[in-house]
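Contents: one structure, followed by commentary.
Here, each number is a calculation from the coordinates, and none is a lab measurement. Since this is a predicted model, take the numbers as computed values, not measurements. Using ideal geometry, Cβ is built from the backbone for each residue, glycine included, and neighbour counts are taken over all protein chains shown.
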Ligand SMILES: [Zn+2]
């Protein structure tokens, strides 16, 4: 929920109706919200998935029993700030102080956490370092916007509201980047997909269940074809409106073959770290053959394209075979790896390795089926371009896949808990007002 936008961008009529909605969701006690949370959990349990709820520490402190009970029942929680303010405006030291205070609250309330999501999805260049200092494992604050809204069906005002939200979240366009976790200063940064429930219900004013289903269904389909990650953000207070869209997307995800990995944010972050340690040893044996040894965990997926493998393997997807052995012989006239020019920068090397490829710097392009040049500089938007080049190359290629158990993409369900009672709501308005005053004074 992005409250600062509310008063700036809406008319009085909208404000009154929004206050009505807020009162219908939050009560003086936690009763109303508890019902919504319980419903959320029943729905996700029936869909065989466990949600991750980032919660603001102050809100947890005011409602510890409810959250502790859910946590004991297996629901995952993460830290959503000590208070719900804009963390982009906080210095490194201020962030460390906030995170320390939040950690003490979580510890005192006996609610385990490993990760973080910034209020309003707003962070700055100090966030990863500050989180790393306090041993967080992940940060799920990076917004990615999918262009799946049928614009003709919405008023200019609604579209402008939506655009403003995308801008406020500093969302990058999914068409231009890879929607995948990435390691930054030891923190696994996990993207969050927009349109989320708030964008659909509050900004675009969508009431039609079919339209919500289509929006999330389209993101699922695009993510599947790219083999990436769909982080569904659904705040518990909108579970009633968005339940059919959530159920639809998960039912559809379960039909796909190769399957979709449905996991919590903590599981995704743990996998991303595990995967970062995998390596291959390859030894050329005579002409046209390599002995391969894979150093990896049991759930790793080894893929081979366009090459004969002397080991049990089955057809997987996109022309790849999934190899189950960890030691095998691979026939290939050229090295089954990605060759890069000597001037290639570390960022490009790290990205290719993190996506499961063996990368070799070399001055001899003729040894490689895939040989990449002009990578002395490498930016976020170059990732897609490079992956597409590798995808289109019709040569033998050996790699790890980016998801475990032979799955093709990953999906996770998460929703922030910013308030549980009306008191929490009022406190939040006050805290943001105080931060604005503070920023104006300094
Ligand atoms: Zn929030």
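Taking only alpha carbon atoms, the chain gives an Rg to Rh ratio of 1.00, where Rh is the Kirkwood radius. To the nearest 10 degrees, how steeply does helix 239-255 sit against the main Cα axis of the chain, on a 0 to 90 scale? Long axis of 239-255 versus the principal axis of the chain: about 10 degrees.
Here the spin labels are modelled as points 7 Å beyond Cα on the Cα-Cβ line, and at residue 277 and residue 325 they lie 2.5 nm apart. I'd like the distance between the alpha-carbon centres of region 148-168 and region 312-390, rounded to an integer number of Å. Answer, in whole Å: 39.
Between the helical axis of 382-392 and the longest alpha-carbon principal axis of the chain there is an angle of about 40 degrees.
Computed from the Cβ-Cβ distance with R0 of 22 Å, the FRET efficiency linking residue 19 to residue 430 stands at 0.85.
For a modelled paramagnetic label at residue 147, 7 Å from Cα along Cα-to-Cβ, no residue of region 383-427 is in reach, as no backbone nitrogen comes under 11 Å.
Of 310, 400, 138, the sequence from fewest to most neighbouring Cβ atoms within 10 angstrom is 310, 400, 138. For the chain, a Gaussian network of Cα nodes joined below 10 Å ranks 404, 244, 119 by mean-square fluctuation, and the top entry is 244. Across the chain, the relative contact order, built from alpha-carbon pairs under 8 Å that are at least six residues apart, equals 19 percent. Quick one: go through region 322-341 and flag any residue whose amide nitrogen is under 15 Å from the point 7 Å out along the Cα-to-Cβ line of residue 361. So the set is 339-341.
The length gained on full extension between residue 251 and residue 218, counted as 0.36 nm times the residue separation minus their Cα-Cα distance, comes to 10.5 nm. Against the chain, whose longest principal axis is taken from its Cα atoms, helix 265-276 shows a tilt of about 20°. Comparing 385, 250, 194 in a Gaussian network model of the chain (Cα springs below 10 Å), the most mobile by mean-square fluctuation is 385.
GNM remark for the chain: springs join alpha carbons under 10 Å apart, and the peak mean-square fluctuation among 98, 251, 80 falls on 251. Helices in the chain, meaning DSSP H runs of at least 4 residues, each add -39500 (n - 2.57). Divided by all residues, the mean residue ellipticity at 222 nm is -12500 deg cm²/dmol.
Working from label points 7 Å from Cα in the Cα-to-Cβ sense, the residue 100 to residue 392 distance is 5.3 nm.
Computed over region 288-418, relative contact order equals 31 percent, with contacts defined as Cα pairs under 8 Å that lie 6+ residues apart. Multiplying the residue separation of residue 310 and residue 46 by 0.36 nm and subtracting their alpha-carbon distance yields 90.8 nm. The mean sequence separation of alpha-carbon pairs under 8 Å and at least six residues apart, normalised by the residue count of region 255-339, gives a relative contact order of 26 percent.
One equal scatterer on each Cα of region 122-274, no solvent, Debye formula: the resulting log10 I(q)/I(0) at q = 0.11, 0.20, 0.21 Å⁻¹ is -0.45, -1.35, -1.43. The label point for residue 164 and the one for residue 380, both projected 7 Å from the Cα toward the Cβ, are 2.3 nm apart.
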